[in-house]
Each structure stands twice: as structure tokens, then as C-alpha cells.
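S.K.: Right, I'll just put the structure down here and ask away after.
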Amino acid sequence: MNEFINFLKITGIDFEENVDGKKLCSFRVGGSVRVLVRPKTAKQLAALYEYLNENEIKNILLGRGTNIVISDGGFDGAAVSLSELSSVDIDINDENCIIAGAGASMANLALFACENGLSGLEFAHGIPGSVGGGVYMNAGAYGGEISQVLKSCLVFDKSRGTLFVVENSKCDFSYRHSVFMDNKHLAVAFATFELNDGDPDEIKAKMDEYKAKRVASQPLEYPSAGSTFKRPEGHFAGKLIEDAGLKGYTIGGAQVSEKHAGFVINRGGATAEDIKDLVAHIQKKVKEKFDVSLECEIEFVE
Ligand SMILES: Cc1cc2nc3c(=O)[nH]c(=O)nc-3n(C[C@H](O)[C@H](O)[C@H](O)COP(=O)(O)OP(=O)(O)OC[C@H]3O[C@@H](n4cnc5c(N)ncnc54)[C@H](O)[C@@H]3O)c2cc1C
């Protein structure tokens, strides 16, 4: 690792050592991450991955950490954050399009669209992740999802160090799924969204309406990763969990939210292990009772 640190210093790539995992994920759990790296340019990104690949250094790509849990033992490798690629701007070739860096927050993207009278991203305002993370998992809410508004993205191939454009039709989008989930060597660097003209006041009103719905139904006062499970076909995960009698069920500091059973929350002092155990318990009970397999949406980083 010392040689890697020297490489980062020489190349001028921003980094931090031994970062508390609790600061990197919305669940506020996890051990220390050995190095957090924040490349600013495509050149730095290419140099970084060339080094990581050649030296076989374990690495993960981080968005805003709102759908991951870092293990209690921490991560003894490099967590690459694209937070420096966070520009959001109108596409000079098409004023109905916005180009956003992978590290921009979905909230900022939605607000920028609203300010510019562009409609289509209202659903994204309350999703706390990054643009890259949103494209990766085809994030969605209230009937909207990324696949409906993404035109294309500029993708970085970590194994080859190349950048290329992937059109929406090639993203293999489906419910909470994209081509990037099956091709972990690809990182979304920028995304272009194609939107419709709209009235900023109406867009704002829609965003406020969605926000009020979230506040009323979700346990936003506790750390979590949002909905813990994907929606199983023909069911709602929260309803199945509630009907299995698991509302409020607690393991250590992790609890099935009493407000919304679809959320596992950190009631205080939860560990990554508590969350993992609770997820496994819920899956077992729901399977036993309803013969439905719940697929966990959260990714556990070991
Ligand atoms: C309170 C709360 C509410 C939520 N509500 C919703 C909701 O309504 N709808 C919804 O869909 N989700 C929701 N989520 C979950 C989460 O915000 C989304 O899944 C979001 O898209 C994750 O983005 P992220 O940047 O945090 O990704 P991270 O958690 O950092 O990473 C998740 C995965 O994405 C990959 N990834 C991140 N950036 C890139 C990139 N640039 N290129 C390729 N892969 C990348 C990572 O490697 C990792 O595998 C909610 C979460 C919370 C905490």
C-alpha cells in the first residue's frame, strides 16, 4: 500500500487514508477503508486503474454510499469515489438535455432540471444517491426511473482505460437493473438526460409532493439504505415483512422500521453484521410464510 500512496502523491490524485466507513455509507456502519481515492479527470482515472490493475489492488467504486454497507472489518483496498466528477450542465448541442457527472447528487440534478424548466426528473429529487449510482441500479420512485430519461452515458472501462458512449438502448435497463451491474469493469463517468419542457413551478410542486410522501411514509430520521429489498413480482416487500410479524424486529442495533417494514434501519449502534443477520432473518421468515424469495437491494462490501 505504501507504494500505492507514493503513486497517488506523484500523480497528484486526491486521496485520504484510513477513512471511517461510517462516513462513507448512509447506514453509518462499517470499519475503516484503507484508502479513499478521488480522481478529478479522465487522465487520472485511467492512470489510477492502470496502477490498481497492474498491482492487483482490491478496489471498489463508490457513489454516495446510499445502497451499500461496508463490513465491520473494513475494506483493505482502494475505494474510488467519483465525487469530483459532479458538474451538472445543459448540453450545448441540445437545450433539452442535461449532462451530469457521475458524482453529482440526484437531488442536485433534479433541482437543476427544475430551475431550467426541464421536466422528467421530479422522481429523482428524493433519491439520496449519485447520478452514477442511479444509472447503475436504474433508480426510481413514484412511477419514474432513470431508464425513462437517460439518453446515453459516457462510460469508463476500468480494465482497458478507455472511454466510450453507451446509448440507453444498450443499457439493458429493467426494474432496478442495468448492464453495469453485470459488467463491474464499467464505470459511468457522465450521463446525458433527455427531458421535456416544463413549468418550473409545476416541477417544484411535484417534487414537493413526492418529498411530503417520503417524509410521511419513510423512516428518514434513521440511517438506512432505503428499501432493503427489491419489489418481488406480484407483492410489496414491506407488506410481506409486516404480515410475517417482523415490524420492529431487532437484531443488535438493526431494526425492521416500525414506520415502514420495507426499511431496515440503524436504531443506533448497529453493525454491518447486525444488518446482514437481520436481512437473512427477514428472507428466511418471508420464504417460510409466503414462499416468496426477497432479493436484497443493498450491496455488502467485504
Ligand atoms: C433514505 C433513502 C431513500 C432511498 N430511496 C430510493 C428510491 O426511492 N429509489 C431508489 O431506486 N433507490 C433509493 N434509495 C437507494 C439509493 O439511494 C439508490 O440505490 C442510489 O441509486 C444509490 O446510489 P449511490 O451513489 O449511493 O451508490 P452507492 O451506494 O455508492 O453504490 C451502489 C452501487 O452502485 C455502483 N456505482 C456507484 N457509482 C457508479 C458509477 N459511476 N458507475 C458504475 N457503478 C457505480 C457501486 O459500485 C455500487 O455497486 C434510497 C436510499 C436511502 C438511504
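Throughout, read-outs are computed from the coordinates displayed, never taken from laboratory work. Every value quoted in this text rests on a predicted model; they were computed, and no experiment measured them. In this analysis, Cβ positions are derived from the backbone assuming ideal geometry, glycine residues included, and neighbour counts consider all displayed protein chains.
S.K.: Can you tell me how many residues within segment 168-215 are within 11 Å of the ligand (Cβ to nearest atom), at negative phi and of a type in the set (D, E, K, R)?
M.R.: 3
S.K.: Let me ask another. Within the set of pairs 6 or more residues apart or between chains, which connect a residue that is of a type in the set (F, W, Y) inside segment 128-139 to a residue that is near the ligand (Cβ under 6 Å from one of its atoms) with Cβ atoms less than 7 Å apart?
M.R.: Close Cβ pairs (under 7 Å, with a partner that is near the ligand (Cβ under 6 Å from one of its atoms)) amount to Y136/F180; Y136/V188.
Quick grid of which residues meet (1) among the hydroxyl-bearing types (S, T, Y); (2) touching a residue at least 60 places away in the same chain (Cβ under 8 Å); (3) not in a loop (DSSP other than H, G, I, E, B):
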site	(1), (2), (3)
I203	no, yes, yes
K206	no, yes, yes
Y210	yes, yes, yes
A216	no, no, yes
A225	no, yes, yes
K247	no, no, no
K259	no, no, no
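S.K.: How many residues are more than 6 Å from the ligand (Cβ to nearest atom) and over 17 Å from V166 (Cβ atoms) if we restrict to segment 126-144? Even if it seems obvious, please write down each step before you answer.
M.R.: Within segment 126-144, the first condition is being more than 6 Å from the ligand (Cβ to nearest atom), and the residues that meet it are 126, 131, 135, 138, 142-144.
Add one more test, that the residue is over 17 Å from V166 (Cβ atoms), and what stays is 126, 142-144.
Residues flagged as more than 6 Å from the ligand (Cβ to nearest atom) and over 17 Å from V166 (Cβ atoms) within segment 126-144 amount to 4.
S.K.: F4 versus (1) over 27 Å from P128 (Cα atoms); (2) part of a strand (DSSP E or B): which is the lone unmet condition?
M.R.: Answer for F4: the failing condition is (2).
S.K.: Could you tell me whether any residue of segment 230-253 is surrounded by fewer than 20 Cβ atoms within 10 Å (Cβ to Cβ), within 20 Å of S26 (Cα to Cα) and either within 11 Å of the ligand (Cβ to nearest atom) or of a type in the set (K, R) (or both)?
M.R.: The answer is yes, given that some residue of segment 230-253 is surrounded by fewer than 20 Cβ atoms within 10 Å (Cβ to Cβ), within 20 Å of S26 (Cα to Cα) and either within 11 Å of the ligand (Cβ to nearest atom) or of a type in the set (K, R) (or both).
S.K.: Still on this structure: Can you find, within segment 23-35, the residue that is nearest to S224 (Cα to Cα) among those that are buried (at least 17 other Cβ atoms within 10 Å of the Cβ) and of a type in the set (D, E, K, R)?
M.R.: Looking at residues that are buried (at least 17 other Cβ atoms within 10 Å of the Cβ) and of a type in the set (D, E, K, R), I get R28.
S.K.: Considering only segment 145-167, how many residues are polar (S, T, N, Q) and either surrounded by fewer than 18 Cβ atoms within 10 Å (Cβ to Cβ) or near the ligand (Cβ under 10 Å from one of its atoms) (or both)? Even if it seems obvious, please write down each step before you answer.
M.R.: Start the filter on segment 145-167 by keeping residues that are polar (S, T, N, Q), which leaves 147-148, 152, 159, 162.
Now restrict to residues that are either surrounded by fewer than 18 Cβ atoms within 10 Å (Cβ to Cβ) or near the ligand (Cβ under 10 Å from one of its atoms) (or both): 148, 159, 162.
Of the residues in segment 145-167, 3 are polar (S, T, N, Q) and either surrounded by fewer than 18 Cβ atoms within 10 Å (Cβ to Cβ) or near the ligand (Cβ under 10 Å from one of its atoms) (or both).
S.K.: Being closer than 18 Å to V301 by Cα, in contact (Cβ under 8 Å) with a residue 40 or more places away in the chain and within 13 Å of the ligand (Cβ to nearest atom) is the filter; apply it to segment 36-64 and report the residue that is surrounded by the fewest Cβ atoms within 10 Å (Cβ to Cβ).
M.R.: I60
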